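Everything below concerns the one structure shown next.
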Amino acid sequence: MLYCLSHSFSKALSILEEARFKNVEIVDEGLHSLNEERVDAIRKIAYDRDLEISIHSPFINVDIASISYQKRRASLRRLKKSILLSGKLDSPLWVLHSGLRNNSSYLFSDVNWEMNLRSIRELAEFSKMHGVRVTVENGISNLHFLLSKVEDFNRFYDNLGDYEIGLTLDVGHANIEGEIFRFLKEYAGKIVHTHLHDNHGISDEHLGIGDGNINWRRVIQTFKEINYKGSLIVESVRDVDGSLSRLVRLIRETSILN
C-alpha cells in the first residue's frame, strides 16, 4: 500500500480492513516498518478478511551492492529482519530492490555487480530457511539500479547459479526503460508478481492507471497471452480507487479472468 506510506500505521490498518481485493502488498518502511506487534495485527486482519499479503522490503538507505562493507552488512541485517517478519506473516512473496551502481564504481571494476549478486544469494538462502520467496523488482537505470533493463536480468540470471529468484515486474519502471513488452515476452516464465502504475516514460511518477502513456489494454492482453497467474498490485500514489476500477474493467474486457 505505497499510496498510504505517509499515513500512520493505525490508519494503514484501517485501510487494510476495508481492502477491496484479496492481494495486498505491505511496504516494510518508514511509518510502516514491521515489528512483532504489527505483524500480529496484520495477520489477524488478513485471516479475518482472507487476504494474501506480500511484503515490499525496506529501501531507504539500503544498498546491498555498496562497496562499503559496513553499509552493505547494515543493509543485509535490515533486510533479514524484514524476511523474518514476513515469514511470520506467511507472506508468499518478498519484493527486493537490487543494489545501486555507485558513482565511484568505475574505480573498482565490477565490484557493485559482484556485491549485489553475493547479497541476493545470501538473502535467498536466508529466506528459504524461513519459508519466504524472494523476488527482485526491475528498477530504473537513471536512478542507478543495477537491475533495470532486460539485458541486466539476462546477465543476472546467467550469473546467479542455482537459486530460485523470481521477477517482480514493475510496469511503470519498465515503461521508463521502454521495455514493458520485452520483459513480458522474454521473462514470461520468471514473472511471479507485478506492480502497476503509470507515467509518461520519463520519470517515476506513480500516476493512476490511464493517466500516463502506458498502453494498458495491450499490457493486460499480454498478461493473458503469457498465462500470467500472479498478483497485480496497483502502486499508484493518487487516484487509487479509480486505478483499481479501471484495472478491473480492463481485465474483464480482455477476459483475463475466467
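The values are calculated or read from the model by the stated rules, or taken from the named source; none is laboratory data. Since the structure is predicted, the reported quantities are computational estimates derived from the model, not experimental observations. Cβ coordinates were reconstructed from backbone atoms using ideal geometry, including for glycine residues, and neighbour counts include every protein chain displayed. Accessible surface is based on the protein model in full, side chains and every heavy atom, while ligands, DNA and RNA are left aside. Shrake-Rupley method; radii C 1.70, N 1.55, O 1.52, S 1.80 Å.
Some values worked out for this structure:
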{"read-out": "Counted residues, the stretch 132-152 - those being in a helix (DSSP H, G or I) and open to solvent by 10 Å² or more (accessible area, probe 1.4 Å)", "value": "5"}
{"read-out": "Filtered residue count, the stretch 1-34, keeping only those that are assigned to a loop (DSSP other than H, G, I, E, B) and open to solvent by 60 Å² or more (accessible area, probe 1.4 Å)", "value": "6"}
{"read-out": "Residues of the stretch 59-77 classified as open to solvent by 90 Å² or more (accessible area, probe 1.4 Å) and either among the acidic types (Asp, Glu) or assigned to a loop (DSSP other than H, G, I, E, B) (or both), total", "value": "2"}
{"read-out": "Positions within the stretch 39-54 being open to solvent by 20 Å² or more (accessible area, probe 1.4 Å) and closer than 22 Å to HIS195 by Cβ, in sequence order", "value": "ARG49, LEU51, GLU52"}
{"read-out": "Test: residue in the stretch 98-110 that is surrounded by fewer than 19 Cβ atoms within 10 Å (Cβ to Cβ), in contact with a Phe, Trp or Tyr (Cβ under 7 Å, 6 or more places away or on another chain) and either farther than 30 Å from GLU17 by Cβ or small (Gly, Ala, Ser) (or both)", "value": "no"}
